[in-house]
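Colleague: The structure is given below, and queries will be raised subsequently.
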Amino acid sequence: MENNLKEKILSVFEDASIDKNLYSSSGLNEQSIPVFVGEWLIDRELKGGDWDDDVKEKVLGFVSKYIPKKSDIELLKSKLKNGENVTILEFISPKVDLKKNETYVESSSLGNQKVFIEEQLLDQFPRLLQGGLWGAAVYNYQVADKGGEVWLQNFVPLQASQIDFDKYAKQRLEFSLEEWIAILINSIGLNPDGYSTDKIKQVLLTRLLPFVQKRINLFELAPKGTGKSFVFGNFSRYSRLVTGSISPAVLFYNENSKSPGLLTQFDAVVFDEAQSLSFSNPAVTVSNLKTYLESGKYAKGKFESTADSGAVFIANVQMDSSGLPVNSKNLFRELPQILQETAFIDRIHGIIQGWELPRIETSTLSNGMGFKADFIGEIFHALRSRVEFDKFVEERSNLIGTKDLRDKKAIMKMASGFLKLLFPNLTTVTESDFIKHCLEPAIALRQRVRDQLHYLDPEFKNYIINVVDQNSPSQNLEKILIEESEEIVTSPKMEVSTSTRVLEIKEGDLGYSYEILFSPFFESSKEIKLVDPFIRLSYQIDNFLAFCKLLPSFKIRKINLITSNGYEDDDDQLRKNKIKFEEIKMVLLKKGIEFEYEFSETIHDRYIETDNGWKITLGRGIDIFQRPESWYDLDRDDFTKRKCRATIISYNKI
């Protein structure tokens, strides 16, 4: 991070920023101290001074003194019994028992000892009853009529005591988008300069969505060592990492202790090592989980509850030599069978392509300024309740090119999350920024889900979800049924596409048009090339004209046509076609489109190339439609009502 940006962060966010390198170099990560707690301790001892060995020793000494070992439990109890106060650094999350009219906490440092709480502490720190707080807890022992009791006498929180969201949103305006993204990545302990492309940085930002948006369900598939567990497990007190076998009691409701499960206690419940995930009661757990992922509600026994927690599943996958998943067609193949059900996958909002990320190395750890983890954790938690962002996205839901309700809801949720992360001050976000940085990434995340659903069960229609151009004709994109195709690597230097799909049109199929087939791929394109040896007969040139009708709505400025010179030795046809193409050139020029053409005797392949990175291979060129039953049919120019010829079209992102 450049020095001028460091100085800028310190100037604008003086009390909320910290050198993110301090935590990783402090040794606190080896003590299993969450980042938000560790940074609070460092900032407490640093007090604006230099980070030297003396300060480091003070921090580690504090932790050693106030975080006891398991073997110290009985010693601590003995001290309490002998009248000593005991101070312990731990997480305090009180429970209220209405039947017994008491409030208490179970201290893990004292062997789950029941500890009663002084009422003034609840008044002083209301967030104790709103999810709990990390802090220094002072316990003492009191003799009562019913025997001895342990009480929480005093408490010093080790987290941000208050935040000012409006101030935060206003301060965001001091930074460019590039600077802001760098700050966010630094804030999760990573170095933005260690991630080479905007696409990779987008993956890192996607991990933060459950922290700012209610009930976002994500799946991240990545090789080992990319930092997924670290971010989800240490960044915020509002997330909980779980592994191994999960019971319904832990997840939903414990009927013995009458305690609600994890989904009601955290903003994000993260299922780590999902490739090894199991449930102690699979039928009940998976059924309830699917209900919850869809509606935010669940029932267990007589207990019914609603919750806002997102569910995140992170799994390691095998990679091939090109850096892509070995099972690229079925990303869920290595996961337990219960996670391969399409009914479950459909409730996942997006799939994070964690395989894009490099392994965590010293160069990818933050060495710059970022937000203190406790501060930004609280800001993100507050953002979950800011409905104005959801309203902003809902007002633009017509930009989402799908009629599927789950697709649209998923995309809206994720787009709102990106909006909260990048543009917390809504007054300055432009329409183009929203589409590029919020909507398009959300669509890409959901598209991966859609592709997987179709591969696993062809009854799920698969199609390209795009951003709808409100100035172009209606785009019925759901008719593009596509399959993700196998990647073939023929050379180590060959660039491998991760966006290859194949459309098979059967003889006699209805419902297609050039607009439906090609418009999703012409977005943001300025120039296209059409190679088709069979643009020479009158009806084929008519097809070409119908194809050209697409160009003005996408603001395409140039089209290059390469076709054959007709039948051998047919100079008359060549001459006539040149005259026709010159007329077409004049017509298109009036529309602001430059038309160039050339004749070749050697071409055979048929394809379209766009300057926005797509190559569309056409099995039979643009000669896709059968002739109408009558050339005088009133619907003859409506290609969706014309029968198709059998063909295969491949869409490749190059």
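The values are calculated or read from the model by the stated rules, or taken from the named source; none is laboratory data. These figures come from a predicted structure and were not determined experimentally. When we count neighbours, we look across all protein chains shown, and the Cβ atoms used for this are built from the backbone with ideal geometry, even at glycine. Accessible surface is based on the protein model in full, side chains and every heavy atom, while ligands, DNA and RNA are left aside. Shrake-Rupley method; radii C 1.70, N 1.55, O 1.52, S 1.80 Å.
Colleague: Could you please find all residues in segment 489-531 being hydroxyl-bearing (Ser, Thr, Tyr) and either at pLDDT below 85 or open to solvent by 30 Å² or more (accessible area, probe 1.4 Å) (or both)?
Modeller: Selection gives Thr490, Ser491, Ser497, Thr498, Ser499, Thr500, Ser519, Ser524.
Colleague: Determine which member of the set Tyr104, Tyr139 is farther than 24 Å from Thr264 by Cβ and among the aromatic types (Phe, Trp, Tyr).
Modeller: Tyr139
Colleague: Output the residues belonging to segment 505-543 that are part of a helix (DSSP H, G or I) and either among the β-branched types (Val, Ile, Thr) or within 40 Å of the chain's Cα centre (by Cα) (or both).
Modeller: Result: Tyr514, Glu515, Ile516, Leu517, Phe518, Ser519, Pro520, Phe521, Phe522, Ile541.
Colleague: Additional query: When segment 445-460 is examined, which residues are found to be of a type outside the set (Ser, Thr, Tyr) and in contact (Cβ under 8 Å) with a residue 24 or more places away in the chain?
Modeller: Leu445, Arg446, Arg448, Val449, Arg450, Asp451, Gln452, Leu453, His454, Leu456, Asp457, Phe460
Colleague: Condition first: open to solvent by 30 Å² or more (accessible area, probe 1.4 Å), in contact (Cβ under 8 Å) with a residue 40 or more places away in the chain and among the aliphatic types (A, V, I, L, M). Now tell me which residues in segment 309-335 satisfy that.
Modeller: The one that is open to solvent by 30 Å² or more (accessible area, probe 1.4 Å), in contact (Cβ under 8 Å) with a residue 40 or more places away in the chain and among the aliphatic types (A, V, I, L, M): Met319.
Colleague: Would segment 346-359 turn up any residue that is in contact with a His (Cβ under 8 Å, 6 or more places away or on another chain), crowded, with 23+ Cβ neighbours inside 10 Å and not in a loop (DSSP other than H, G, I, E, B)?
Modeller: no
Colleague: Within segment 633-640, identify whether any single residue is crowded, with 16+ Cβ neighbours inside 10 Å and either at positive phi or of a type outside the set (Asp, Glu) (or both), and answer yes or no.
Modeller: Yes: segment 633-640 contains one or more residues that are crowded, with 16+ Cβ neighbours inside 10 Å and either at positive phi or of a type outside the set (Asp, Glu) (or both).
Colleague: Would you pick out the residues in segment 434-444 that are within 10 Å of Ala415 (Cα to Cα), aliphatic (A, V, I, L, M) and out of contact with any helix residue (DSSP H, G or I) (no Cβ under 6 Å at 6 or more places or on another chain)?
Modeller: Matches in segment 434-444: Ile435 only.
Colleague: Here's another thing I want to ask about it. How about segment 84-109: which of its residues are open to solvent by less than 60 Å² (accessible area, probe 1.4 Å) and either of a type in the set (Phe, Trp, Tyr) or assigned to a loop (DSSP other than H, G, I, E, B) (or both)?
Modeller: Across segment 84-109, the qualifying residues are Ser93, Pro94, Tyr104.
Colleague: Now, a different point. As an exercise: evaluate Lys77 against (1) without any contact (Cβ under 8 Å) to a residue 60 or more places away in the chain; (2) touching a strand residue (DSSP E or B) at 6+ places or on another chain (Cβ under 9 Å); (3) assigned to a helix (DSSP H, G or I); (4) within 22 Å of Asp15 (Cα to Cα) and give the number of the one condition it does not meet.
Modeller: Only one criterion is unmet by Lys77, namely (4).
Colleague: Still on this structure, please answer the following. At pLDDT below 90 and of a type outside the set (Ser, Thr, Tyr): is that true of Lys409 in this structure?
Modeller: no
Colleague: Can you confirm whether segment 452-462 contains a residue that is closer than 27 Å to Phe371 by Cα, open to solvent by less than 10 Å² (accessible area, probe 1.4 Å) and not in a loop (DSSP other than H, G, I, E, B)?
Modeller: There is no residue in segment 452-462 that is closer than 27 Å to Phe371 by Cα, open to solvent by less than 10 Å² (accessible area, probe 1.4 Å) and not in a loop (DSSP other than H, G, I, E, B).
Colleague: From Thr306, Thr243, Thr264, grab the single residue that is without any contact (Cβ under 8 Å) to a residue 12 or more places away in the chain and surrounded by fewer than 21 Cβ atoms within 10 Å (Cβ to Cβ).
Modeller: Answer to the selection: Thr306.
Colleague: Kindly list, by first and then second residue, each pair from a residue in segment 549-577 that is over 19 Å from Thr602 (Cβ atoms) and of a type outside the set (Phe, Trp, Tyr) to a residue that is part of a helix (DSSP H, G or I) and at pLDDT below 85, limited to pairs with Cβ atoms under 7 Å and residues at least 6 apart or on different chains.
Modeller: Leu550/Ser519
Colleague: Okay, next question. Looking only at segment 36-49, decide whether some residue is more than 29 Å from Asn186 (Cα to Cα) and open to solvent by 50 Å² or more (accessible area, probe 1.4 Å).
Modeller: The answer is no, given that none of the residues of segment 36-49 is more than 29 Å from Asn186 (Cα to Cα) and open to solvent by 50 Å² or more (accessible area, probe 1.4 Å).
Matching residues to (1) open to solvent by less than 20 Å² (accessible area, probe 1.4 Å); (2) modelled with pLDDT of 85 or more; (3) touching a Leu at 6+ places or on another chain (Cβ under 7 Å); (4) over 26 Å from Val37 (Cβ atoms):
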position	(1), (2), (3), (4)
Pro192	yes, yes, no, no
Thr197	no, yes, no, yes
Leu204	yes, yes, yes, no
Gln213	yes, yes, no, no
Pro223	no, yes, no, yes
Gly233	no, no, yes, no
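Colleague: Right, next: Please go through segment 124-141 and pick out each residue that is surrounded by 12 or more Cβ atoms within 10 Å (Cβ to Cβ), out of contact with any Pro (no Cβ under 9 Å at 6 or more places or on another chain) and outside any helix (DSSP H, G or I).
Modeller: Gly131, Ala137, Val138, Tyr139, Asn140, Tyr141
Colleague: Name the single residue, out of those in segment 142-190 being touching a residue at least 60 places away in the same chain (Cβ under 8 Å), closer than 23 Å to Ile67 by Cα and not hydrophobic (A, V, I, L, M, F, W, C), that is surrounded by the fewest Cβ atoms within 10 Å (Cβ to Cβ).
Modeller: Gln153
Colleague: Further question on the same structure: I'm trying to understand the selection: among the residues of segment 595-608, which are open to solvent by 60 Å² or more (accessible area, probe 1.4 Å) and closer than 14 Å to Ile559 by Cβ?
Modeller: Result: Glu596, Glu598.
Colleague: Let me confirm something: among Glu30, Glu14, Glu39, Glu45, which residue is at pLDDT 80 or above and part of a helix (DSSP H, G or I)?
Modeller: Every option except Glu39 fails the conditions.
Colleague: Of these, Ser538, Ser564, which one is open to solvent by 10 Å² or more (accessible area, probe 1.4 Å), under 24 Å from Leu517 (Cβ atoms), hydroxyl-bearing (Ser, Thr, Tyr) and touching a strand residue (DSSP E or B) at 6+ places or on another chain (Cβ under 8 Å)?
Modeller: Ser564
Colleague: Would a scan of segment 163-181 turn up a residue that is more than 24 Å from Ile42 (Cβ to Cβ), among the acidic types (Asp, Glu) and not in a helix (DSSP H, G or I)?
Modeller: The answer is yes, given that some residue of segment 163-181 is more than 24 Å from Ile42 (Cβ to Cβ), among the acidic types (Asp, Glu) and not in a helix (DSSP H, G or I).
Colleague: What are the pairs, 6+ residues apart or on separate chains, where a residue within segment 399-415 that is open to solvent by 20 Å² or more (accessible area, probe 1.4 Å) has its Cβ under 8 Å from a residue that is in a strand (DSSP E or B) and not aromatic (Phe, Trp, Tyr)?
Modeller: Within 8 Å, the pairs are Lys408/Ile400; Met412/Ile400.
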